[in-house]
Amino acid sequence: MDQEKKKEKKDKKDDAAEEGVVPDVVADSGDAGEPAKKEKKHKSSKSASPEASGDGEEAAAGDGGSQEAAEQATREAALKEEEEKKKAEEKETRKREKEEEKKRVEEEAMKASEEAKKAAEEARQKLQERLKSLVEGSKAPNNVEECIGELKSVVKEMQEAGIECQEIEEAEARIKELKKIVKAQEKLQQAISERDVRGLQKAIRKAEEAAVPEGVLEEARKVLAEELPKQEARDKLEALKEGATSEQLKEALAQAKSAGLKKDELAEFKELLGKLERRDEVEALLKKAMEERNVEGLKAAIQQAEEAGVDSKQIKKANKVLKEEEPKQKAREKLAQACEKPSIEVLKKAIEDAKEVGLEAAEYSKAEEQLKQEEEKERLMAAIKSTLAESLTVDMTDLEALRVAKEKLGECITTAMAAGVPEEHMVEADQRRKRLHNAIEDLKGSIRVFCRIRPLSSKEEEQGDKKVTEAASSMTLNIEGKDGGDPSTFAFDAVFTSGTQEEVFEDCRDLVQSAVDGYNVTIFAYGQTGAGKTFTMYGIPGQEGTTPRTIKELFRVTAQSSARFEFKIYASMLELYRNDLVDLLTEERVAPGKGKLAIKTDKAGRISVENLIEEECQTAEKLTAVLERGNKNRKVASTAMNAESSRSHLVLWVRILSTNKDTKEETRGKILMCDLAGSERLKKSQVEQEMQAEAIEINKSLTALGDVIEALTKNQKSVPYRNHKLTQLMQDSLGGSAKTLMFVNCSPASSNLDETTMSLKYATRAKKITNTAKKG
């Protein structure tokens, strides 16, 4: 129909154009041509009027032209009429054609309409059948979302086609049901993902109501079966957060672990279990502290109990016990302090307080006993003080008076030591006893012997050595017997185990004064290798030995007397290596321009060494430098018994020349400091080749020294000094004119028991030698 209307409008426009008129509006009615005709006639009349007006004027001008014009107009009018007739015929023809075309179009349109109606009906039937099929298939869909999408698409298509039917309503209802399934399925999947038991149970119930596919439900039920024991374990753990015992929580944790709960879920409860176990532990400690009634234990246990959340009744009970025990504990502490640092007044006050707070007599009986001991010590210290004062008045030239004073003072010291009088209260008395002893020995002419026991070395401790020596007093030493035999006791002028370098030197300091006064003084160290001889004689930086201290003391004594005397001090240093004398103050074995070193003895029995370099030393520093220079040239080597074993006998020779500034009288003194090489058994020291030869020579020299000591102690007429250069060198020190001090250095180790015993016996024999000390 629309196409026919459009074609009709087009034809009307074509007609108007043929007539020379362009209408503003072409109407659909059959009168559309009338306005065009009127317009054409109007135009013709308008164009004819001027011509007519003109012709009238020309007619007035001339008659000949008017006739011709009239004829011309007639012809033109005839032509025009003919043209119009022709156009009218053509128009009529077109009109017929249009009517025929219109009829044809109407017939085709009717046919197309019928075909369209038929196609629409077929499409409608197909859509209805498809929708019905989809609705039926949605009852057991493989993919609900896809099913909803297909249903929506078909419904929309039918609605756009203007189809209205029962199937659309059924499809829309089914879509709503499917959406419920989707929602229930989503919640079910979420619950499966979250694995929350309560969420799973609710989601499964909703899914069952919504008819969610059984496959999805089965998966959810499986997860629920896995999570249910876990949730039960969680619930049990949560229920035990308050008021549970450690055993209950431990059991619940084991169940939770068995159910498969993760570590992070159990962490909180493990921490709680730790606290509960700690609480149990603290409760046990608190109970034990209350039973023991120990104040410090109670305080600590109460504090821990409060921190651990122990029952307040238990804490209150413990505090009550603490209140009862605290005064008693203070009294006990006072008793302990009084007994640790006992004094009569403090002990008396502590005992009084103990009785006042109700302590058992057994608890302060020790303090009462100690009070008695302290009172006895006080009495003994008074006795020592009195005896010491008495000894200061003794005649130092009366041998018997000295002996009585020494024995009386020694008895007081021994009794005081047995009673436990502290060492510091007896130092002055002990020093006085030693001075009395030395005075007796000087009058008798005896050699002084000091015994020094070094500490166990780390190597000895590692190999399981134990100490076999023990100082019985400051002058006696006990040593274990071999193979469990009876112990032996040795007495010397002093015993150090091991004593400081200062303590050791203090007891030989007076010898320096003797040397300055003009006596010959010899200090030598004897003992096995590694026993500490060189340490005693020379020491180490910061722990200087006897020789460096003697040098300082020498210059201190001479400085004190420098107002009255003028002093000159000379020093030499040599070693006896393999029975050869070696000058240590030169790099050569013998000083240039001098002969071989030789030992000489003068008529008075004094020893000297010919061709030995002698340097004057005006200061302690100069003499110390000489000592250090000589020490660098000494022969040492490593053995199995000592990392730096002396391989020679080392002698520092110091001459002291003093001149009285008033009388010009000269006095000559001498200090001989001798560090003997260590005695050793070849098998034990494990030396080889050259060092083995050295060891043999060392042992020969010490054997010769032993022979001299043996001869002197037996008062033999012939003493074998000339058997070895060592005994020649020490001739005026053993049985000669010198004041002699011998250090016997020993090891305390059980592995050196034989060597230590031999050294002590050796020193005991030397103690019996008598010298005749003379001024030079």
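The values are calculated or read from the model by the stated rules, or taken from the named source; none is laboratory data. Predicted, not measured: the structure shown is a model, and the values here were computed from it. Note: ideal-geometry Cβ built from the backbone for every residue, glycine included; neighbour counts use all protein chains shown. The protein model used for the area step is the full one, side chains on, heavy atoms only, and it has no ligands, DNA or RNA in it. Shrake-Rupley method; radii C 1.70, N 1.55, O 1.52, S 1.80 Å.
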Residue check for Lys482: under 13 Å from Ala749 (Cα atoms) and either modelled with pLDDT of 90 or more or of a type in the set (A, V, I, L, M) (or both): no
In region 495-510, the residues that are modelled with pLDDT of 90 or more and not hydroxyl-bearing (Ser, Thr, Tyr): Val495, Phe496, Gln501, Glu502, Glu503, Val504, Phe505
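Do we find that Ala289 is closer than 27 Å to Glu356 by Cβ and in a helix (DSSP H, G or I) in this structure?
Details: closer than 27 Å to Glu356 by Cβ: yes; in a helix (DSSP H, G or I): yes.
Here the answer is yes, as Ala289 does meet what is asked.
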Criterion (free of Cβ contacts under 8 Å to residues at least 40 places away in the same chain and under 30 Å from Ala225 (Cβ atoms)) met by exactly one of Leu298, Leu273: Leu273
Of residues in region 731-769 being of a type outside the set (S, T, N, Q), over 21 Å from Ile671 (Cα atoms) and in a loop (DSSP other than H, G, I, E, B), the one most open to solvent (accessible area, probe 1.4 Å): Lys768
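From Glu460, Glu506, Glu502, Glu575, which residue is open to solvent by less than 60 Å² (accessible area, probe 1.4 Å), of a type in the set (Asp, Glu) and within 24 Å of Val651 (Cα to Cα)? Lay out the reasoning, then the answer.
On the way: Glu460 fails: within 24 Å of Val651 (Cα to Cα); Glu506 fails: open to solvent by less than 60 Å² (accessible area, probe 1.4 Å); Glu502 fails: open to solvent by less than 60 Å² (accessible area, probe 1.4 Å).
Being open to solvent by less than 60 Å² (accessible area, probe 1.4 Å), of a type in the set (Asp, Glu) and within 24 Å of Val651 (Cα to Cα) holds for just one of Glu460, Glu506, Glu502, Glu575, which is Glu575.
Go over the candidates Glu265, Glu283, Glu251 one by one and state the one that is assigned to a helix (DSSP H, G or I), within 27 Å of Val310 (Cα to Cα), open to solvent by 90 Å² or more (accessible area, probe 1.4 Å) and not polar (S, T, N, Q). Spell out how you get there, then give the answer.
Details: Glu265 fails: open to solvent by 90 Å² or more (accessible area, probe 1.4 Å); Glu283 fails: open to solvent by 90 Å² or more (accessible area, probe 1.4 Å).
That would be Glu251, the only listed residue that is assigned to a helix (DSSP H, G or I), within 27 Å of Val310 (Cα to Cα), open to solvent by 90 Å² or more (accessible area, probe 1.4 Å) and not polar (S, T, N, Q).
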Residue ID - surrounded by the most Cβ atoms within 10 Å (Cβ to Cβ), chosen from residues in region 238-248 that are among the polar types (S, T, N, Q) and in a helix (DSSP H, G or I): Ser246
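Taking into account only those residues within region 380-398 that are loosely packed, with under 12 Cβ neighbours inside 10 Å and not in a loop (DSSP other than H, G, I, E, B), which is nearest to the chain's Cα centre (by Cα)?
Filtering region 380-398 for residues loosely packed, with under 12 Cβ neighbours inside 10 Å gives 382, 386, 389, 392-393, 395, 397.
Checking the rest, the ones that are also not in a loop (DSSP other than H, G, I, E, B) come to 382, 386, 389.
Working: Ala382: 57, Ser386: 61, Ala389: 61 Å.
That would be Ala382.
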Boolean, Lys600 is at pLDDT below 90 and open to solvent by 20 Å² or more (accessible area, probe 1.4 Å): no
Extreme residue, farthest from the chain's Cα centre (by Cα), among residues of region 731-757 that are farther than 24 Å from Val582 by Cα and among the polar types (S, T, N, Q): Ser737
Pair list, Cβ under 8 Å, 6 or more apart: region 410-438 residue under 25 Å from Pro342 (Cα atoms) and of a type in the set (S, T, N, Q), other residue assigned to a helix (DSSP H, G or I) and open to solvent by less than 30 Å² (accessible area, probe 1.4 Å): Thr415/Leu380
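Does Val295 satisfy the criteria of being touching a Lys or Arg at 6+ places or on another chain (Cβ under 7 Å) and over 28 Å from Ser246 (Cα atoms)?
Working: touching a Lys or Arg at 6+ places or on another chain (Cβ under 7 Å): no; over 28 Å from Ser246 (Cα atoms): yes.
For Val295, the condition - touching a Lys or Arg at 6+ places or on another chain (Cβ under 7 Å) and over 28 Å from Ser246 (Cα atoms) - is not met.
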Elements of type strands (runs of 3 or more DSSP E) contained in region 429-490, each with 1 or more residues being among the hydroxyl-bearing types (Ser, Thr, Tyr): 469-471, 476-479
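Scan region 709-730 for residues that are out of contact with any Gly (no Cβ under 7 Å at 6 or more places or on another chain), buried (at least 17 other Cβ atoms within 10 Å of the Cβ) and either touching a residue at least 60 places away in the same chain (Cβ under 8 Å) or farther than 20 Å from Leu581 by Cα (or both) and jot them down. Let's see the steps before the verdict.
The first filter runs over region 709-730 and keeps only residues out of contact with any Gly (no Cβ under 7 Å at 6 or more places or on another chain), leaving 709-711, 713-718, 720-730.
Restricting the remaining residues to those that are buried (at least 17 other Cβ atoms within 10 Å of the Cβ) gives 709, 711, 721, 724-730.
Once the filter is applied, which keeps residues that are out of contact with any Gly (no Cβ under 7 Å at 6 or more places or on another chain), buried (at least 17 other Cβ atoms within 10 Å of the Cβ) and either touching a residue at least 60 places away in the same chain (Cβ under 8 Å) or farther than 20 Å from Leu581 by Cα (or both), region 709-730 yields Ile709, Ala711, His724, Lys725, Leu726, Gln728, Leu729, Met730.
Can you tell which of Ala119, Ala161, Ala173 is among the aliphatic types (A, V, I, L, M), under 28 Å from Lys206 (Cβ atoms) and open to solvent by 40 Å² or more (accessible area, probe 1.4 Å)? I'd like the intermediate steps shown before the answer.
Details: Ala119 fails: under 28 Å from Lys206 (Cβ atoms); Ala161 fails: under 28 Å from Lys206 (Cβ atoms).
When all the criteria are applied, what remains is Ala173.
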Pair list, Cβ < 7 Å and 6+ apart or interchain, from region 169-191 residues that are touching a residue at least 24 places away in the same chain (Cβ under 8 Å) to residues that are of a type outside the set (A, V, I, L, M): Arg174/Ser138; Ile175/Lys152; Leu178/Ser138; Leu178/Cys147; Val182/Glu145; Ala184/Lys206; Ala191/Gly199
Residue check, Val421 of a type outside the set (Phe, Trp, Tyr), part of a loop (DSSP other than H, G, I, E, B) and surrounded by 15 or more Cβ atoms within 10 Å (Cβ to Cβ): yes
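Could you list all residues from region 509-543 that are open to solvent by less than 30 Å² (accessible area, probe 1.4 Å) and in a loop (DSSP other than H, G, I, E, B)? Spell out the reasoning first.
Of region 509-543, the ones open to solvent by less than 30 Å² (accessible area, probe 1.4 Å) are 511-512, 514-516, 518, 520-533, 536-539.
Passing the criteria: Gly518, Thr529, Gly530, Ala531, Gly532, Tyr538.
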Hits in region 329-343 (condition: in a helix (DSSP H, G or I) and surrounded by fewer than 17 Cβ atoms within 10 Å (Cβ to Cβ)): Lys330, Glu333, Ala336, Gln337, Glu340
Given (1) part of a helix (DSSP H, G or I); (2) within 19 Å of Glu145 (Cα to Cα); (3) open to solvent by 40 Å² or more (accessible area, probe 1.4 Å), number of the condition Ala211 does not satisfy: (1)
Positions within region 302-328 being open to solvent by less than 50 Å² (accessible area, probe 1.4 Å), under 24 Å from Lys250 (Cβ atoms) and in a helix (DSSP H, G or I), in sequence order: Ala305, Ala308
Pairs where the first residue, in region 544-558, is part of a helix (DSSP H, G or I) and the second is aromatic (Phe, Trp, Tyr), C-beta under 6 Å, 6+ apart: Thr546/Phe505; Thr547/Tyr538; Arg549/Phe505; Thr558/Phe567
